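The values are calculated or read from the model by the stated rules, or taken from the named source; none is laboratory data. Keep in mind the model is a prediction, meaning the values are calculated, not measured. Reconstructed Cβ throughout: ideal geometry from the backbone, glycine too, with neighbour counts over all protein chains shown. Remember, those area values only see protein heavy atoms, side chains included, never the ligands or the DNA or RNA. Shrake-Rupley method; radii C 1.70, N 1.55, O 1.52, S 1.80 Å.
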Amino acid sequence: MASSQAPIAIIGAGPAGLTLARLLELANIPYMIFERAESALWADEHSSSGTLDIHKGSGQAALEEAGLMEDFQRIARWGVPVKFVDSQGEIVFATVSGDSNEDKPEIDRKDLQKLLLDSIKASTIRWGCKIERVQKESDGAHSICYANGGVESGFRLIVGADGAWSKVRKLLTPAEPQYLGTHFFTTFLKPDNPYYSSLTSMVGNGNYLALRKGRQFFLHYLGDGSYHLAVGMKLPENWNPDPTRLHDPAALWQSLLQYEYAEWSPEIKALIQSATHGYRSWPLYSIPRTSVPWEHVPGVTLLGDAAHLTGPGGDGVNSALHDSVELARQIIKHGIDDLDSAVVEYEQAMFPRALEAINKGQWAAEHLFNAESSQSFLQAAMQQ
């Protein structure tokens, strides 16, 4: 059983974990990150993530506190056009996100990840850590148990920033993510796509969203000139594609088009059919409202999706970055000799925000993913 020199373990090298690490590093508080991905390059190559909008009062405030706002501003996209269309591609509503009034600029998730990774010492991340569980030891400290049987011990605080299926969450609450009834397929449409020229005229450097009878078609422009495509529909939780089609996305799309998108415009169907770079199967989940507040457990806490997972449409990464700032502030205030007081204060302030984020995500699941049309969703959003 190995003993760690760092008093704080951060499980997960996503935006929440990395932001916390950056803030602790600025305060000269030792920590260690444990990440399942084999390397930063591996994580980038296997990513199927799209774009994020970073809000002024939460996400941007976190980056400002982390001393990264200037770098963020250089790579973020401001004034991003957004189009809501019907299933035939006719524009229902058009606006601009991230202009001087809204202050919600966009950044590719992989670019935000790189910005944060570059801001901390490479030696503070251990890649390829497949964690089986986290457990409390007889001396009150916590240990990380790896799937290969290894154990890392001696942590005064373990922070679960390990997302939807958090291993750390199990120490705090029995709540499990609940399926929202919608299943997405995501992929990238790159410049070699035969319909790329139509994308530049349809979507440009913005976002393009179509809703009809519980089905979704989302296109998002990315910084490298490609487009992130997300196609959503109602499917059973245990639905799985025919294994013979796993490496044949065209066949899968053809099957889905035949039944799910038969009445959509030829242009939209052609774009779905053209996705030949592979896809990610992405069923959506949310943590139930009853998951917070949990009873405080000394030596353990959660950030971001591990604490308050919601489907797309909630506050997402902005809530996660806000969590990181608040926890870092409390740790800096109380010091590593009183981490328990830091966690208690952090959690007391976080729980109401977590419930608000879960409720917002539940609203989106009800109205965005069940929308009869883009128009009906926009009407509901205006009444919100």
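With labels modelled as points extended 7 Å from the Cα through the Cβ direction, what inter-label distance (nm, one decimal) is found for TRP363 paired with VAL96?
With each label placed 7 Å out from Cα toward Cβ, I get 2.6 nm.
I'd like to know which of GLY225, PRO236, THR200 lies farthest towards the positive end of the charge dipole of the stretch 178-285, counting +1 on Cβ of Lys and Arg and -1 on Cβ of Asp and Glu.
Of the listed residues, the answer is PRO236.
May I ask you to rank SER324, SER58 by accessible area, largest first, using a 1.4 Å probe over the protein chains only?
Values: SER324 0, SER58 25 Å².
Sorted descending by solvent-accessible area, the residues read SER58, SER324.
Run the reach check for LYS269 against aspartates and glutamates, Cα to Cα strictly under 16 Å, same-chain hits fewer than 8 apart removed. What comes back?
The reachable aspartates and glutamates, counting only those whose Cα sits under 16 Å from LYS269, are ASP86, GLU90, GLU260.
Positive end of the dipole of the stretch 285-384, charges at C-beta (+1 Lys, Arg; -1 Asp, Glu), about the Cα centre: which of MET382, VAL297, VAL344 has its Cα farthest in that direction?
MET382
Computed on alpha carbon atoms, what radius of gyration and Dmax characterise the stretch 178-285, expressed in Å?
13.4, 39
Could you point to the residue in GLY214, TYR261, PRO283 farthest towards the positive end of the stretch 178-285's charge dipole, with +1 and -1 charges on the Cβ of Lys/Arg and Asp/Glu respectively?
GLY214
Counting alpha carbon pairs within less than 8 Å and at least 6 residues apart, what relative contact order, in whole percent, applies to the stretch 178-285?
Numbers: 164 pairs, mean separation 43.4, N = 108.
Here the relative contact order equals 40 percent.
Rounded to the nearest percent, how much of the accessible area of the chain (1.4 Å probe, protein heavy atoms only) is carbon and sulfur? Don't skip to the end; give the middle numbers.
On the way: 8480 of 17060 Å².
Ligands and nucleic acids excluded, carbon and sulfur reach 50 percent.
Enumerate by residue number the trypsin sites (Lys or Arg not before Pro) in the stretch 127-161 meeting two conditions: DSSP loop (anything except H, G, I, E, B), and at most 15 other Cβ atoms within 10 Å of the site's Cβ.
Values: sites: LYS130, ARG133, LYS136, ARG156; in loops: LYS130, ARG156.
Within the stretch 127-161, the qualifying trypsin sites (Lys or Arg not before Pro) (loop, at most 15 other Cβ atoms within 10 Å) are LYS130.
Under 5 Å between amide hydrogens, which residues at least 5 positions from VAL151 or on another chain qualify, with H placed 1.01 Å from N in the peptide plane?
Hits under the 5 Å cutoff: ALA2, TYR146.
Only Cα pairs under 8 Å and at least 6 apart count here; give the relative contact order of the chain as a rounded whole percent. Intermediate values should be presented prior to the final figure.
Working: 759 pairs, mean separation 83.1, N = 384.
Across the chain, relative contact order equals 22 percent.
Amide H to amide H under 5 Å from THR51: which residues, 5+ apart in sequence or cross-chain, H placed 1.01 Å off N in plane?
Under 5 Å from the amide H of THR51: ARG109.
At 1.4 Å probe size, with every protein chain present, just tell me what the per residue accessible area of the stretch 178-285 comes to in Å². Before the final figure, lay out each step's value.
Details: 4730 Å² over 108 residues.
I get 44 Å² per residue for the stretch 178-285.
Pull out the extension gain between MET69 and ILE332, defined as 0.36 nm times the separation in residues minus the alpha carbon to alpha carbon distance; nm, one decimal. Walk me through the numbers on the way to the answer.
Numbers: separation 263, 0.36 × 263 = 94.68 nm, distance 2.09 nm.
Separation in residues times 0.36 nm, less the Cα-Cα distance, equals 92.6 nm.
So what is the 222 nm mean residue ellipticity for the chain from helices alone, if each DSSP H run of at least 4 adds -39500 (n - 2.57) and you divide by all residues, rounding to the nearest 500 deg cm²/dmol? Write down the numbers at each step before the final one.
Values: 12 runs with 131 residues, N = 384.
My calculation for the chain gives -10500 deg cm²/dmol from helical runs alone.
I need the calculated FRET efficiency for the pair ARG133 and VAL344, taking r as the beta carbon distance and R₀ as 25 Å, to the nearest 0.05.
Values: r = 24 Å, r/R0 = 0.95.
With a Förster radius of 25 Å, E is 0.55.
With percent of Cα pairs over 40 Å apart as the read-out, I listed [x] 16; [y] 8; [z] 24; which label goes with the value calculated from this structure?
[x]
So how much slack lies between TYR259 and ALA380, counting 0.36 nm per residue of separation and subtracting their Cα-Cα distance, in nm? Display every interim value, and only then the final one.
Values: separation 121, 0.36 × 121 = 43.56 nm, distance 2.74 nm.
Using 0.36 nm per residue and subtracting the Cα-Cα distance, I get 40.8 nm.
Which value, in debye to the nearest 20, gives the size of the charge dipole of the stretch 178-285 about its Cα centre, when Lys and Arg are +1 and Asp and Glu are -1 at the Cβ?
Details: 8 positive and 8 negative charges, 43 e Å.
It works out to roughly 200 debye.
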